[in-house]
Every structure is written in structure tokens, then in C-alpha cells.
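The structure under discussion is supplied below as C-alpha cells; questions concerning it will follow.
The values are calculated or read from the model by the stated rules, or taken from the named source; none is laboratory data. All of these numbers come straight from a predicted model, not from anything done at the bench. Note that we place each Cβ from the backbone using ideal geometry, even for glycine, and neighbour counts take in every protein chain shown. The area values use the complete protein model at the heavy-atom level, side chains included, leaving out ligands, DNA and RNA. Shrake-Rupley method; radii C 1.70, N 1.55, O 1.52, S 1.80 Å.
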Amino acid sequence: MQWVQIRHGLEYLAFRTLVSIVQALSPAMCARLAKVMAGVLHNWLPRRWTRYEVARDNLRAAFGERYTEAQIDRIIYGMW
């Protein structure tokens, strides 16, 4: 039980540190950070972790063949 409480405390400390750093950034830096994070989420993480397939299927259901796969990919990237 003791180890779990220590681990939770360390996780909370890491989270609060990250939040404090982000809050200290300027709006322009936050926008750049958001673009980098979007790129990581969209391009590097496995598709099943990001629910890419669900987003693609929803766009296909809503718009049919109106958009190409490349256009759908850009729309999903913009979601991030």
C-alpha cells in the first residue's frame, strides 16, 4: 500500500510540473507546442491508439466519396 501512495504522489508531481511549465509559456509557444504534439499524435503513434479509424469511418459516413483519402487525412490531422 505504501508504494502505491508514493507512486501516485510522484505521478501527481510530474503532472503538476508539466502543467506549470505549459502555463508559463507564451500563447505563441503554446501554439507551436500544440502543432508538434499534433504531429506526434497523428504521425508517430499507432492508429489504434488515436482512434484514427473511427474518425475516418465517421468522415466517410458523413461525406461519402466527396473527399479523397489524402483530404481525409488532413482533416483528421486538423482535429488534433
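So which pairs qualify, if the first residue must be in the range 37-56 and under 18 Å from Tyr67 (Cβ atoms), the second must be modelled with pLDDT under 85 and among the basic types (Lys, Arg), the Cβ gap must be under 8 Å, and the two must be at least 6 apart or on different chains?
Taking only residues 6 or more apart or on different chains, the pairs are Glu53/Arg47.
Out of all the residues in the range 59-80, which are open to solvent by 100 Å² or more (accessible area, probe 1.4 Å) and either basic (Lys, Arg) or outside any helix (DSSP H, G or I) (or both)?
So the first thing to find is which residues in the range 59-80 are open to solvent by 100 Å² or more (accessible area, probe 1.4 Å), and the list is 65-66, 74, 79-80.
Hits for the range 59-80 are Glu65, Arg66, Arg74, Trp80.
For the range 11-26, does any single residue satisfy the condition of being at pLDDT 90 or above, farther than 29 Å from Met79 by Cβ and not hydroxyl-bearing (Ser, Thr, Tyr)?
yes
I've got another one for you. Tell me which residues, restricted to the range 54-70, are in contact with a helix residue (DSSP H, G or I) (Cβ under 7 Å, 6 or more places away or on another chain) and either of a type in the set (A, V, I, L, M, F, W, C) or at pLDDT below 90 (or both).
Of everything in the range 54-70, those that are in contact with a helix residue (DSSP H, G or I) (Cβ under 7 Å, 6 or more places away or on another chain) and either of a type in the set (A, V, I, L, M, F, W, C) or at pLDDT below 90 (or both) turn out to be Ala55, Leu59.
Also: State yes or no: is Arg51 on the phi > 0 side of the Ramachandran plot and open to solvent by 60 Å² or more (accessible area, probe 1.4 Å)? Let's see the steps before the verdict.
On the way: on the phi > 0 side of the Ramachandran plot: yes; open to solvent by 60 Å² or more (accessible area, probe 1.4 Å): yes.
Criteria met by Arg51.
Shifting gears a bit: Return the residues of the range 44-58 that are charged (D, E, K, R) and either assigned to a helix (DSSP H, G or I) or touching a strand residue (DSSP E or B) at 6+ places or on another chain (Cβ under 6 Å) (or both); say none if nothing qualifies. Reasoning before the result, please.
The first filter runs over the range 44-58 and keeps only residues charged (D, E, K, R), leaving 47-48, 51, 53, 56-57.
Within the range 44-58, Arg47, Arg48, Glu53, Arg56, Asp57 qualify.
A further question follows. Just checking, how many residues over the range 1-38 are open to solvent by 100 Å² or more (accessible area, probe 1.4 Å) and not hydrophobic (A, V, I, L, M, F, W, C)?
Number satisfying all stated conditions: 8.
Quick one: in the range 30-48, which of the residues that are out of contact with any helix residue (DSSP H, G or I) (no Cβ under 7 Å at 6 or more places or on another chain) and farther than 22 Å from Leu18 by Cα is modelled with the lowest pLDDT?
The selected residue is Arg48.
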